[in-house]
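Encoded as C-alpha cells, the structure appears first; notes follow it.
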Amino acid sequence: METCSFCEESFKGYAPLVLRIVKSGGDILVYAQNTSKNIILIKRLLVCINYEYGSVVLFVREGGYYDFYIGGERLEQGATHLKFKISAPTAISARAEAEYIEITSRSVSCLSKFA
C-alpha cells in the first residue's frame, strides 16, 4: 500500500468514511467513522500488518473468516464503530483501507411535530 500524498492527506477530512488504527497493548484496533449524511456499507476492509519478518494482508468482510467486530457492514450517519480487532503483539505497523458503498438518493421525510 502506498503512502498518501500531501493532497490526499489534506482531503481526508472530507472523506465520507474515515478509518483509524490504534495499537492497544498487543491488539490492533480498526475504527470506522461515517462523516457523511448517508448510510455506508463497508463491503471489505484490507488490513496490512507489518512484522519484522514480513507482512500479512487480512481481508475482513461480512460473514468471512475475519468478520466485522461491531455492527456488521452497515455504518449509520455520524457513527464510529470498532470494525476489526486482532491480537498482534509483535506488529511493527499496520495500515487499513476500505471498499464501501455510500447509499445516496434516499428519501427522507420532513419533521412533523405538534404544537
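Quick notes on this one:
- Restricting the range 91-106 to residues that are surrounded by fewer than 17 Cβ atoms within 10 Å (Cβ to Cβ) and of a type in the set (Gly, Ala, Ser) leaves a set whose member that is nearest to Gly54 (Cα to Cα) is Ser93.
- Put simply, of Ser55, Ser105 the only residue that is part of a strand (DSSP E or B) and over 11 Å from the mean Cα position of the chain (by Cα) is Ser55.
- Cross-chain or 6+ apart pairs with Cβ under 9 Å, the range 49-62 first and open to solvent by less than 70 Å² (accessible area, probe 1.4 Å) and modelled with pLDDT of 95 or more, then outside any strand (DSSP E or B) and of a type in the set (S, T, N, Q): Tyr51/Thr90
- Against the numbered list (1) surrounded by 15 or more Cβ atoms within 10 Å (Cβ to Cβ); (2) in contact (Cβ under 8 Å) with a residue 60 or more places away in the chain; (3) under 22 Å from Ala88 (Cα atoms), Ile40 comes up short only at (3).
- The set of residues in the range 63-114 being out of contact with any Leu (no Cβ under 9 Å at 6 or more places or on another chain) and of a type in the set (D, E, K, R) consists of Asp67, Glu76, Arg106, Lys113.
The values are calculated or read from the model by the stated rules, or taken from the named source; none is laboratory data. Remember, it's a predicted structure, so these values are computed and weren't measured experimentally. Counting neighbours? That spans all protein chains shown, and the Cβs are built from the backbone with ideal geometry, glycine included. When the accessible area is computed, the model is the full protein with side chains, heavy atoms only, and any ligands, DNA or RNA have been set aside. Shrake-Rupley method; radii C 1.70, N 1.55, O 1.52, S 1.80 Å.
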